[in-house]
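Presented below is the structure to which this report refers.
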Amino acid sequence: MIRPSFVGAIDQGTTSSRFLVFNQKGDMVATHQLEFQQHYPHSGWHEQDPEELVRSVEICVNGCVEEFENQGHTREQIVAVGITNQRETTVVWDKTTGKALHNAIVWTDARSQELVRKLKHRIGSGELNSRCGLPLSTYPSASKLLWLLENAPAVKEAYERGTLAFGTVDSWLVYKLNGGPARNIHVTDPSNASRTMFMNIETLEYDDDLLDWFRIDRNKVTLPKIVRSSDPQAYGSLTTTHLKGVRITGCLGDQSAALVGQKGFSAGLAKNTYGTGCFLLYNVGSKPVISKHGLLTTVAFDFGEGKRMYALEGSIATAGSSVMFLVNNFGFIDSPSKLSVLAEEVEDSGGCTFVTAFSGLFAPYWIDDARGTIFGITAYTKRGHIARATLEATCFQTQAILKAMEKDSGKPLTELRVDGGMCASDLIMQTQSDFIGFPVNRPGMRETTALGAAMAAGLAVGVWKSFEDLKDVNNEGRTIFRPQISEKEARKKFARWEKAVDMSRGWLNEVEVQ
Ligand SMILES: Nc1ncnc2c1ncn2[C@@H]1O[C@H](COP(=O)(O)OP(=O)(O)O)[C@@H](O)[C@H]1O
Ligand SMILES: O=P(O)(O)OC[C@H](O)CO
């Protein structure tokens, strides 16, 4: 009897790691998830332990494989594994020992704000965006690596010795899961490399002019080799866990993976993922489009000749993390799923607007010097109003991104495909549809990020032969949310939001005293 093949996906997100197994129909058959520790050593700083990230992934693989086998399958049926990951988060290690030299600096971390401010004055700063697709800000990996070189002695020493290795989380995981220095597989895919500011967005290779501009000497730091997002050989294989020997054949940054998982293969398709942050990717086709309205240009995926796509991206730094903030810091609710229950205790936000700029505001505003600010509090304000204002903040920022996208692309979107933890809330999705004035389309199976990584891996080994083979995947159980408020009302709400954004600027600026 020929037993069916399955594909595994490692999803290493900002707040948790997961391993999931999918069958050829794209159904998720087993999963294991683990949260890991977040470190916030100073205000605006955010770190993770790179070794803990690897361990959490290994635990998830083993837990999931055990569940899979309990269903009567065998581990040999898992023929390939894909990796998807939080992007920009920066890991540095010594390539001779394979040991991390510092905690990972997470994508949300704003410690390089001062460094970025100075870099903006360096000649040529205005030309970076058109070359790499990203604005100079604390968000991409570049300023995080520069900060480490200036402030972490162990990193600086390794750099001077020429033993420093740099990578985003995908590279680090691939390197460690392959056994570290023994095999020394140090690679990344273009969707991840396009988040560093070191890659040329046209050639998909490292750009010497960009590296020179950042004063990074390539002889002193090894950058991961850029290979396709779906490749049968380049990523090696697992050397630990119950899946020892299984090849890693797909790799995508998590937002690209979600676009793939939502089958956003062709120009004009878009998805919005409401995770820790929130990221809207709009497939613009096989040529990059440089935004004039505060969006990022990113590689959507590189599946080889004719299947290499770019996206315009709107990135929101704080989305699900603002919900976690109400859970952990204010104790308003004991779990994120209660947010909607609390918000539904009231009719509206009671005049409150919460600019959730915990790490400044990303797209389309790019305000580094704002911090979280709640406007409109009175003696009337209740926890429910704050809950509503919190969820509305993500929906308003999505609305602002869609407006920018429409200006850049010249075409309005007519439907938004959604996924990610926060989209479990009907109230949030309804609010989103109300604000943007068109339907929000939520799939039944919401693990689209992992599904995208599995698709990349499965396409490399022939589990699926083409995009056409994937056309029936994850079509069932969709929910469509349609707008229920008037356009005028939506415009009025949005104007108030924009006013609040404007008022939140400059909070970090020094106050002059006589
Ligand atoms: N029912 C819910 N309502 C609102 N937010 C939610 C809900 N469920 C999960 N979340 C939020 O979603 C986030 C987790 O989403 P996920 O897609 O798993 O994130 P990540 O990939 O960034 O780790 C958390 O920050 C959590 O606060
Ligand atoms: O962990 P998420 O889902 O919020 O995604 C993180 C992004 O990749 C950061 O750019």
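The values are calculated or read from the model by the stated rules, or taken from the named source; none is laboratory data. It should be emphasised that the depicted structure is a prediction, and the values quoted were computed from it without experimental measurement. All Cβ positions, even for glycine, are placed from backbone atoms using ideal geometry, and neighbour counts span all protein chains on display. Side chains included, ligands, DNA and RNA excluded: accessible areas come from the protein's heavy atoms. Shrake-Rupley method; radii C 1.70, N 1.55, O 1.52, S 1.80 Å.
Structure above, values below:
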read-out	value
From the options Glu160, Glu202, Glu127, residue that is without any contact (Cβ under 8 Å) to a residue 60 or more places away in the chain and open to solvent by 20 Å² or more (accessible area, probe 1.4 Å)	Glu127
Extreme residue, modelled with the lowest pLDDT, among residues of the range 79-124 that are away from ligand 2 (no atom under 15 Å from the Cβ) and buried (at least 24 other Cβ atoms within 10 Å of the Cβ)	Ser112
Matching entry among Val513, Val473, Val461 (being without any contact (Cβ under 8 Å) to a residue 24 or more places away in the chain and not assigned by TED's automatic domain parsing to the domain that holds Thr14)	Val513
Scan of the range 130-148 for residues that are free of Cβ contacts under 8 Å to residues at least 60 places away in the same chain and not small (Gly, Ala, Ser), ordered by number	Pro140, Lys144, Trp147, Leu148
Members of the range 473-499 found to be under 26 Å from the mean Cα position of the chain (by Cα) and not β-branched (Val, Ile, Thr), listed by number	Asn474, Asn475, Glu476, Gly477, Arg478, Phe481, Phe494, Trp497, Glu498
Residue check for Gln71: at pLDDT 95 or above and within 16 Å of ligand 1 (Cβ to nearest atom)	no
Residue within the range 366-384 that is closer than 16 Å to Thr276 by Cα and away from ligand 2 (no atom under 16 Å from the Cβ) present	yes
Test: residue in the range 305-318 that is under 27 Å from Cys64 (Cα atoms) and within 10 Å of ligand 1 (Cβ to nearest atom)	no
Unmet criterion (only one of (1) over 30 Å from Asp472 (Cβ atoms); (2) within 15 Å of the chain's Cα centre (by Cα); (3) away from ligand 1 (no atom under 16 Å from the Cβ)) for Pro288	(2)
Residue satisfying all of: in the range 187-229; out of contact with any Gly (no Cβ under 6 Å at 6 or more places or on another chain) and assigned to a helix (DSSP H, G or I); nearest to Thr90 (Cα to Cα) among these	Ala193
Where Lys488 falls short, out of the listed (1) exposed (fewer than 15 other Cβ atoms within 10 Å of the Cβ); (2) touching a Pro at 6+ places or on another chain (Cβ under 8 Å); (3) among the charged types (D, E, K, R)	(2)
Qualifying residue in the range 10-23 (condition: more than 14 Å from ligand 1 (Cβ to nearest atom) and in a loop (DSSP other than H, G, I, E, B))	yes
Within the range 296-326, tally of residues that are in contact with a Leu (Cβ under 9 Å, 6 or more places away or on another chain) and within 16 Å of ligand 2 (Cβ to nearest atom)	16
Helices (runs of 4 or more DSSP H) fully within the range 375-491 counting 1 or more residues that are at pLDDT below 95 and charged (D, E, K, R)	383-409
Output for the range 42-91, where each listed residue is in a helix (DSSP H, G or I) and aromatic (Phe, Trp, Tyr)	Phe68
